[in-house]
Amino acid sequence: MQNKELIDILNAEKTLSKEQWLQLICSFTDEDRQYAANLASAIAVERFGRKIFFRGIIEFTNICRNDCIYCGIRRSNNCVGRYRLTEEDILECCAEGYDLGYRTFVLQGGEDMWFTDDRMAHIVASIRKAYPDCAITLSIGERERASYQQFYDAGADRFLLRHETADEEHYGRLHPPELSWKHRMNCLRELKDIGYQVGCGMMIGSPYQKPEYLVEDMMFIHDFHPHMIGIGPFIPHGDTPFRDFPAGDTNLTLFILSLCRIMQPEVLLPSTTALGTVQGDGRKLGVLAGCNVIMPNLSPLSVRKKYMLYDHKVGTEDDARAGIRKLTEQMKDIGYEIEVGRGDYQND
Ligand code: SAH
């Protein structure tokens, strides 16, 4: 069967067999990719209009107890100047973000246990109180169910926890032995169960990734049916053991993003910073491939360069206002505008 036919089947049935996924991912041409992108962006425009949701991301700590092999802020990278923002700093970022029109704040960080459950819940509650009309998203890694529940009760609405890879063995090659694929997958289920809008996702082209693993990722995403999907290319960081691995391929990333949109029309799909880093116009291309979310940086300029998950990360030079202006321009270039408002997941 032709790849275009497979894309049509995905569009009609919202699912493919393992063999069909594998064929698509292994043999797609530029033309197939363009076909998928056109279909995916039409689906997104039909749902959301030519509008892109902006979420302000606050990278509140680069201190991490984990040693994920790909990640620039892994515990054993001694070259990183470590920082953590205070609750006051975080609230200041929110205030600036609110003025700029953001109605979603994403708190992302390493697994920094200085932020105990109580401290974290306190921060969430303070933001909730100051900005009752805003969504609060956490991206702080793995914790116990009771902790997730506590943050939810304090006012958090959404949680981003990429599964990184749906293949357990592959997971083991990207992470140190003390980290468990089963635990991470279980966290995702618990988060959903508690009532969060949940995002999973993976890197494209991470070391040792095979097309078969991407098939597993797509089948996992199909079954899990997340509210958000975070996908970007792997980018090597010079101070990690994966420094000599190549970056993930832009076209493969774009194709997978389109397939996600076609499979799950209502999903919130960010065009990621990593995509904008491997290619200057990557985030525009992401939108043209079916993405509908962009997450500009709201962290204080003074810490931006310290939150380097990978080399040459874009957006570390501009302050929040300049960053949003540039991204707004980029979106305008391709005929899209910025949507303020919480932009919650909506199913019908
Ligand atoms: N500590 C949190 C946040 C992790 S950073 C957590 O565990 O969820 C957010 C995402 O950045 C990660 O989930 C990972 O997919 C991505 N990331 C990390 N290192 C990267 C790299 N070198 N290239 C591309 N993406 C990377």
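The values are calculated or read from the model by the stated rules, or taken from the named source; none is laboratory data. Bear in mind the structure is a predicted one, so any value in this text is a computation, not a measurement. A quick note on method: Cβ atoms are made from the backbone with ideal geometry, for glycine too, and the neighbour counts reach across all protein chains shown. Heads up: the accessible areas ignore ligands, DNA and RNA and are worked out on the full protein's heavy atoms, side chains in. Shrake-Rupley method; radii C 1.70, N 1.55, O 1.52, S 1.80 Å.
Note on the range 142-239: Cα convex hull, mean projected area over all directions, 6.7 nm². Between Ile231, Ala154, Gly110, the Cα set farthest toward the positive side of the dipole of the range 19-337 (charges on each charged residue's Cβ, about the Cα centre) is that of Ala154. Between the C-alpha center of the range 107-168 and that of the range 257-313 there is a gap of 20 Å. Between Ile52 and Glu337, Ile338, Glu339, the built amide H atoms are under 5 Å apart, and every one of these is 5 or more places off in sequence or on another chain.
Exposed loop sites here mean chymotrypsin sites (Phe, Trp or Tyr not before Pro) with a DSSP loop assignment and at most 14 other beta-carbon atoms within 10 Å; the chain contains its longest site-free run at 209-348. For the chain, taking a cut-off of 4.7 Å between Cβ atoms, the unpaired cysteines are Cys26, Cys64, Cys79, Cys93, Cys94, Cys134, Cys187, Cys200, Cys260, Cys291. Pairs of Lys residues in the chain, spaced 8 or more positions apart or belonging to different chains, with C-alpha separations under 24 angstrom: 24 in total. Taken over the chain, the convex hull of the Cα atoms encloses 122 Å³ per residue.
The helix-based estimate of mean residue ellipticity at 222 nm for the chain, built from -39,500 (n - 2.57) per DSSP H run of four or more residues and divided by its residue count, is -13500 deg cm²/dmol to the nearest 500. For Arg325, neighbours were defined as the other residues whose beta-carbon sits under 11 Å from its Cβ, and their charges (Lys and Arg +1, Asp and Glu -1) total 0. Multiplying the residue separation of Thr116 and Leu301 by 0.36 nm and removing their Cα-Cα distance gives an extension gain of 64.1 nm. Translational D (Stokes-Einstein, µm²/s) of the range 276-337 at 4 °C and 1.567 mPa s when Rh comes from the Kirkwood sum over C-alpha pairs? Answer from the Stokes-Einstein relation: 105 µm²/s. Using heavy atoms of the protein chains and a probe of 1.4 Å, the accessible area assigned to His122 is about 110 Å².
Report the local net charge at Arg143: Lys and Arg +1, Asp and Glu -1, summed over other residues whose C-beta lies under 12 Å from its C-beta.
Working: positive: Arg65, Arg145, Arg184; negative: Glu111, Asp112, Asp117, Glu142, Glu144, Glu190.
Once positives and negatives cancel, what remains is -3.
Roll a 1.4 angstrom probe over the protein heavy atoms and tell me the percent of accessible area of the range 222-313 that is carbon or sulfur. Here it works out to 55 percent.
Taking Cα centre as origin and charging only the Cβ of basic (Lys, Arg, +1) and acidic (Asp, Glu, -1) residues, the dipole magnitude of the chain rounds to 480 debye. Under 5 Å between amide hydrogens, built in the peptide plane, is the criterion, and for Met228 it picks out Val198, Gly199, Cys200, Leu268 among residues at least 5 positions away or on other chains.
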